[in-house]
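*Asks:* Sharing a structure, written as structure tokens. Questions coming.
What follows is calculated from the coordinates using simple rules that are stated; it is not laboratory data. Keep in mind it's a predicted model, so treat the numbers as computed, not measured. In this analysis, Cβ positions are derived from the backbone assuming ideal geometry, glycine residues included, and neighbour counts consider all displayed protein chains.
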Amino acid sequence: SAQKILVVGGAGYVGSAACAWLLDQGHDVWVLDDLSTGHRELVLTENFVKARAGDRKIVLPLLKSHAFDGVMHFAAKSLVEESVQKPELYWENNVEQTQALIEMMIEAGVKRLVFSSTCAIFGDPKSAKIDENLPKNPINPYGKTKLEVEKLLETAVTRGLQSIALRYFNAAGAEPKLRAGEWHVKETHLIPRTLKASALGSRVEIFGHDYSTPDGTCVRDYIHVSDLAAAHGAAMNKLQNLEKDKGFFGAYNLGSENGYSVRQVVDAVEKVIGKKISRADMPRRAGDPPVLVSNSEKAKRELAFKPKHDLNSIVQTAWDWEQKLKKGIRRAVFLDRDETINED
Ligand code: UFG
């Protein structure tokens, strides 16, 4: 049945893809976003509130006045390198704002939360496939902030919070109907950077070619953003089915379980766009673990997680999205009704 969901960070990359998915399922979708890295054009509902996740003046009354079935929380700063340079910014934004959100949810009696976590909480586990039971040793401030929030969620079980942390591997691709896709002012991710390099006729930089991996470049597990969106829906459904007022915390690793090297990804892009892309071998990028590939058996078992998109489909949709971005996106929703401006 239809649910009323507050999507915090719904103007961002994964958050907007989740909104597209929720809307397709007929749910009542509300978006809260401060637009610090998200885009108003990616807000797919007219129910939009502009504020930070932990803003008491705005978020508490919002939670109290709507009977939300649950909250999905995507709002975070998520660049590993930037987190090394500005750890305090990451802590305040990712941990403190989320802590405030959790407090307000409990206060308002909204007790279901699906949280965006990351494989970065594992650090460099040196394991062929990463399952949920491996030790969590983040090697950068970004990963530390996400692990800290997972701990807050676990602690809040005794206060009746029902939450699930979804640990994404490398989110990639665009929503197939092109309502949502990757749009970062400062683009650091491999697939969009490779697409841009090809469009500009410049070389794609390959950060590190002497790792102990088959071709010397880093291996990652790319998972389509709409497959992640569907997993959020499944996680929320699982929370809806729990006994009321009984606290819960669960965590799932979400990936394709396939590893691709940086060179293999560039090869895949060449195949999709039908053009050679020249490459430049560069030094390693700080904070990059050599191999991160998921074991997602638990999500398959308990959330019926079943990725539909392979690497080719990821690259194809990302390419289609780049064409759309180039033409310019018009704001998806023109109504400014319900929009609140944060006075802080
Ligand atoms: N890479 C290049 N050239 C580029 C961009 C990236 O060689 O122009 C390499 C990176 O060094 C890395 C791989 O491609 O080896 C993937 O890099 P991305 O930046 O696309 O993704 P990351 O694996 O660094 O980061 C992602 C998310 C983070 C998350 C992390 C978990 O963006 O939020 O996965 O490891 F924390």
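*Asks:* Whole Å is fine, so just give me how far the alpha carbon centre of the stretch 233-260 lies from that of the stretch 1-47.
*Replies:* 19 Å
*Asks:* Would you mind getting me the FRET efficiency between Ser127 and Lys308? Use the beta-carbon distance for r and R0 = 25 Å, nearest 0.05.
*Replies:* 0.45
*Asks:* For a quick check: with amide H placed at 1.01 Å from N, whose amide H comes under 5 Å from Thr118's, ignoring anything fewer than 5 positions away on the same chain?
*Replies:* Tyr168
*Asks:* For the peptides 224-236, 260-272, what is the packing order when you average, over each peptide's residues, the other Cβ atoms within 10 Å and list the highest mean first? Please list the in-between numbers first.
*Replies:* Values: 224-236: 24.2, 260-272: 19.7.
Those peptides, ordered most packed to least, come out 224-236, 260-272.
*Asks:* Going highest first, how would you order 113-119, 273-279 by mean Cβ packing within 10 Å? Don't skip to the answer; put the middle values down first.
*Replies:* Values: 113-119: 25.4, 273-279: 12.7.
The densest-packed peptide leads the list: 113-119, 273-279.
*Asks:* OK, next. Hey, got the Cα dimensions of the chain along the principal axes, in Å, largest first?
*Replies:* On the principal axes, the chain reaches 55, 45, 38 Å in Cα extent.
*Asks:* Amide H neighbours of Lys4 under 5 Å, counting only residues 5+ apart in sequence or on other chains, H built in-plane at 1.01 Å?
*Replies:* Asp28, Asp69, Gly70
*Asks:* Near His184, within a Cβ-to-Cβ distance under 14 Å, what is the net charge of the other residues, with Lys and Arg +1 and Asp and Glu -1? List each step's numbers first, then the result.
*Replies:* Working: positive: Lys77, Lys186, Arg193, Lys196; negative: Glu41, Glu81, Glu82, Glu182, Glu187, Glu322.
Every neighbour counted, the sum reads -2.
*Asks:* What residue among Glu322, Glu132, Glu187 has the largest mean-square fluctuation in a Gaussian network model of the chain, using Cα springs under 10 Å?
*Replies:* Glu187
*Asks:* Just need the relative contact order of the stretch 4-327 here, percent rounded to a whole number, with Cα pairs under 8 Å and 6+ apart. Let's see the in-between values first.
*Replies:* Values: 685 pairs, mean separation 64.8, N = 324.
The value is 20 percent.
*Asks:* Can you tell me the length gained on complete extension of the stretch Asp320 to Ala2, counting 0.36 nm per residue apart and subtracting the Cα distance?
*Replies:* Details: separation 318, 0.36 × 318 = 114.48 nm, distance 3.08 nm.
Full-extension gain reported as 111.4 nm.
*Asks:* If you don't mind, another one. For the chain, with only Lys/Arg (+1) and Asp/Glu (-1) charged at the beta-carbon, what is the dipole magnitude about the Cα centre, in debye rounded to 20?
*Replies:* 540 debye
*Asks:* In whole Å and largest first, what semi-axes does the C-alpha gyration tensor of the stretch 206-341 yield when each eigenvalue is scaled by 5 and square-rooted? Don't jump to the answer; show the numbers that get you there.
*Replies:* On the way: eigenvalues 210, 123, 43 Å².
Equivalent-ellipsoid dimensions as semi-axes: 32, 25, 15 Å.
*Asks:* At 0.36 nm per residue, minus the direct Cα-Cα distance, what do Asn137 and Asp215 gain on full extension? Give it in nm, one decimal, please. It would help to have the intermediate numbers written out before the result.
*Replies:* Numbers: separation 78, 0.36 × 78 = 28.08 nm, distance 2.62 nm.
Full extension of this stretch gives 25.5 nm more.
*Asks:* Taking the square root of 5 times each eigenvalue of the Cα gyration tensor, what semi-axes in Å does the equivalent ellipsoid of the stretch 83-127 have, largest first? Intermediate values should be presented prior to the final figure.
*Replies:* Numbers: eigenvalues 135, 54, 6 Å².
The three semi-axes for the stretch 83-127 are 26, 16, 5 Å.
*Asks:* In addition: Could you check the simple spin-label distance between Leu178 and Lys244, using points 7 Å along Cα→Cβ, in nm with one decimal?
*Replies:* In this crude spin-label approximation the distance works out to 4.6 nm.
*Asks:* May I ask what percent, to the nearest 5, of DSSP beta bridges between residues of the chain are antiparallel? Each step should come with its number before you reach the end.
*Replies:* On the way: 2 of 41 bridges.
Of those bridges, close to 5 percent are antiparallel.
*Asks:* Given R₀ = 45 Å, FRET efficiency for Ser65-Leu200 by Cβ-Cβ distance, to 0.05?
*Replies:* Numbers: r = 48 Å, r/R0 = 1.07.
Approximately 0.40, to the nearest 0.05.
*Asks:* Taking every Cα atom in the stretch 1-104, find the radius of gyration and the maximum pairwise distance Dmax, and write them in Å.
*Replies:* Cα-based Rg and Dmax for the stretch 1-104 come out at 13.6, 45 Å.
*Asks:* Using the per-residue mean of other Cβ atoms lying within 10 Å as a proxy for protection, in what order, highest first, do the peptides 171-182, 98-109, 206-217 fall? Please report the intermediate quantities before stating the final value.
*Replies:* Numbers: 171-182: 22.3, 98-109: 19.0, 206-217: 16.0.
Final packing ranking: 171-182, 98-109, 206-217.
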